[in-house]
Amino acid sequence: MGIRSVFHNINKTLSFIFVIAFVIWSMPGSTQSSAEQDSIPIDTNRVNELIALSIENVRANPEEAIQYAAQARQLSEQLNFPRGEALALKYQGMGHYFQSENFETINYWIESLRVFREIGDRNGEANMLNNIGSIYFNQAMDVKAIDYYLESLKVAEGINDTFRILSALVNIGSVYSNKEATYDRALDYYYRALPLSIRQGDNVAIGTTTVNIGQVYYNLNMLDSALYYFEESLKYFKRIEGGNTPYSLNYIGNVYAKRGEHQKAIDYQKEAYEIARQRNAQMEMTHILIGLADTYITQGDNRSALDVLNEAEKIAIQINANNQLKDIFEDKSRSYAELSMYKKAYEYRLLLSDVKDSLFNIQNAKTLERMEFNYNLEKKENQISLLRKDNELKELEVERQSLQMERQRILRNALFGGLVLILIIAFVLLRNYRLKVKSNRLLEARKQQIENLLLNILPAPVARELQDFGFATPRYYENVSVLFTDFKGFSTIAKDLSPTELVSELNEFFIEFDYITEKHGLEKIKTIGDAYMCAGGIPNENDHHALSSVKAGLAMQAFMNRKNAERKQRGKIPWELRIGIHTGPVVAGIVGKKKYAYDIWGSTVNISSRMESNGEAGKLNVSASTFSLISDQFSCSHRGKIYAKNIGEIDMYFVEEPLQEQLKKEVNA
């Protein structure tokens, strides 16, 4: 068993805890105003007291919690108090949930959902839809889970309930993160949840969302991004008493282990284990010890691995964790074999076989249990469907009778009111319609103006995020090509030009640079005086950003060559353009509050600037990192190691010409 499988198992545990947190986070009566509470009869207050007792006991004593909820339900039915009945049904289901009785749980929750819908409690409806989705998630029925989570999200968005929106987004992301093919969709939902959790100031939600994002990046082998989000999750979990810091620490250790930095990995895993041990979190302790043993095995230290595995085996046997015992026996057999202790290796291979047989039998039993659950649930859903149809028919009959009475009333009024009333109504309707059309047109025009303005100063994905949430989350990019230009001897040329001429000429150049930047799929960052800055690979990551940046740089030089030829014919001093490109990691985001500006930061930006300042007019100067990505497409001349201010010696190259004829045509176009 490898580090990756340990990580996956732990992540599933964390996702489960987060789902449960969303299931139980609501108290009866929390949405009622003080005036409403004052008007509630004393008997209904008794209902709320019983429900509060049910909540208090739901984890420690689920059976007692069920009894309290049943009493609350019975009293609510006697008092005709539907909200109390809905909450009682919810917590009856909760008691069964913590006893892993899925069919009983979903029975109560479907009934609770029905009552919440009947009384028009949209908050309760969103809550129960999300809870029912969690049952399907735990049963590995992803399609049904997604259906309920999406319906919960739709209801929550309809009432602008930020907490319910956040819970649905994270739970949808958890379903999509189960399969590699849907990792991108999982990230979409996590990134929608993250700004909401930050806005709410919810450290649990922020920590869990960031750790789930990190897990997806880890599975995609994007270790730098994974490490960034794991460290973010650790920061927020540390702010919570009893927060899930062992998860984050263990994940960080896994990243370092995969990088081959074994001592760092061991330090983090030991720290995670110590916190879990102090909390007596035995399942977490077992997971962490298995990961630590894997690190020792990868390092070649099989004796230390065996010491750790012996401790893990004791805990796993104590808590009857057969899945973990399988991994422990497999690792111990492998370690003993590496130490040439073949008898021991054989003993643990036999134990591994026994555990696998046991797990196979358990899995078969779970399969049969799931089939029975699906069968019973289908029967229950059919009953609910028939009941809903019956209710719909009754509602239609009431509506039909109401419409018939309304029609008779309108006919009587028409006889008394006559033609004058009809004309007045028609006039009012027409006037309102015209005002509405006019208002809609004005609003649509204003909205379009705002969107166009944002798109002129921000990348489209960033602009959308800003419109949706009111702010944009900074993003870390592992590989971006940054291009800088400026004009050599700018001050000399500028002093001979009037302000109008100077701005006019620079405007002409930068308009062409904007066109070239857009044509080659780059993102313009800003202009500073006579300097122009753009970047490839943001905000949409791609693999050809270095090639596109070099093509753009050569196109800019070609444009300046044509302009300078015209200037020489008129006896004017040519503009000498220097261009530099460097490739590396950056952080991108919005700065400012009143005047938004999309910008990038990091050493990559500084080195790119040095590429330009250490270049030559009419030449395209690139760093070694950029050269390595374009050397198969362009011929380049190595300039050697050149000292750059505040950076040190850097390998630099001049890009000479494309190696292919088609590429030459593209660059000169």
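Anything over 25 Å Cα to Cα? Flag those among Lys264/Lys326; Lys179/Lys270; Lys90/Lys154, in the order listed.
Flagged as over cut-off: Lys264/Lys326; Lys179/Lys270.
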Distance in nm between pseudo-label sites at Arg46 and Ile424 (7 Å out along the Cβ direction from Cα):
5.5 nm
Just by accessible area at a 1.4 angstrom probe, what is the order of Tyr228, Tyr183 from largest to smallest?
Tyr228, Tyr183
Among the GluC sites (Glu not before Pro) within region 222-315, which fall in a DSSP loop and have no more than 11 other Cβ atoms within 10 Å of their own Cβ?
Glu241
Treating cross-link reach as a plain straight distance, find the aspartates and glutamates whose alpha-carbon is under 12 Å from the alpha-carbon of Lys641, omitting any fewer than eight places away in the same chain.
Glu649, Asp651
Kindly write out, for region 542-552 in residue order, the coupling ³J(HN,Hα) from the Karplus curve 6.51 cos²θ - 1.76 cosθ + 1.60 (θ = phi - 60°), rounded to whole Hz, with x marking Gly and Pro.
8, 9, 10, 5, 5, 4, 5, 5, 5, 4, 5
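Over 19 Å between C-alpha atoms is what I'm after, so list which of Lys551/Lys619; Lys524/Lys551; Lys314/Lys344; Lys519/Lys551; Lys495/Lys524; Lys526/Lys645 land there.
Lys495/Lys524; Lys526/Lys645
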Enter the Cα centre distance for the pair region 277-303 and region 563-605, rounded to the nearest angstrom.
51 Å
For region 560-569, 3J(HN,Hα) per residue [Karplus equation, 6.51 cos²θ - 1.76 cosθ + 1.60, θ = phi - 60°, Hz, x = Gly/Pro]
5, 4, 5, 5, 5, 4, 5, 5, 4, 4
Candidates per chymotrypsin sites (Phe, Trp or Tyr not before Pro) in region 264-321, loop by DSSP, up to 10 other Cβ within 10 Å
none
Label-point separation in nm, Ser628 to Glu118, each point 7 Å along Cα→Cβ:
6.8 nm
For Trp601, Trp109, give me the order by solvent-accessible area with a 1.4 Å probe, most accessible first, ignoring ligands, DNA and RNA.
Trp601, Trp109
What are the residues whose amide H is under 5 Å from the amide H of Glu656, where those residues sit 5 or more places off or on another chain and H is modelled from the backbone?
Ser635, Cys636, Ser637
Of all GluC sites (Glu not before Pro) in region 559-625, which ones are in loop regions per DSSP and have a Cβ with at most 16 other Cβ atoms within 10 Å?
Glu616
Kirkwood hydrodynamic radius, computed over distinct alpha-carbon pairs, for region 139-214: how many Å, to one decimal?
12.4 Å
Starting from the 7 Å offset along Cα-to-Cβ, what nm value, one decimal, do you get for the label separation of Ala181 and Glu77?
4.6 nm
Residue-wise, which Karplus ³J(HN,Hα) couplings in Hz belong to region 615-620, taking 6.51 cos²θ - 1.76 cosθ + 1.60, θ = phi - 60°, and x for glycine or proline?
x, 10, 4, x, 10, 10
Would you kindly give the portion of the calculated P(r) for region 107-186 that falls above 20 Å, as a percent of all Cα pairs?
29 percent
So the pair-distance distribution of region 221-321, from every Cα-Cα distance in 5 Å bins, comes to percents of 2, 14, 23, 23, 19, 12, 5, 1
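The values are calculated or read from the model by the stated rules, or taken from the named source; none is laboratory data. Please read all numbers here as calculations on a predicted model, not as lab measurements. Cβ sites come from the backbone with ideal geometry, for glycine too, and all protein chains shown count toward neighbours. Only protein heavy atoms, including side chains, enter the accessible area calculation; ligands, DNA and RNA are left aside. Shrake-Rupley method; radii C 1.70, N 1.55, O 1.52, S 1.80 Å.
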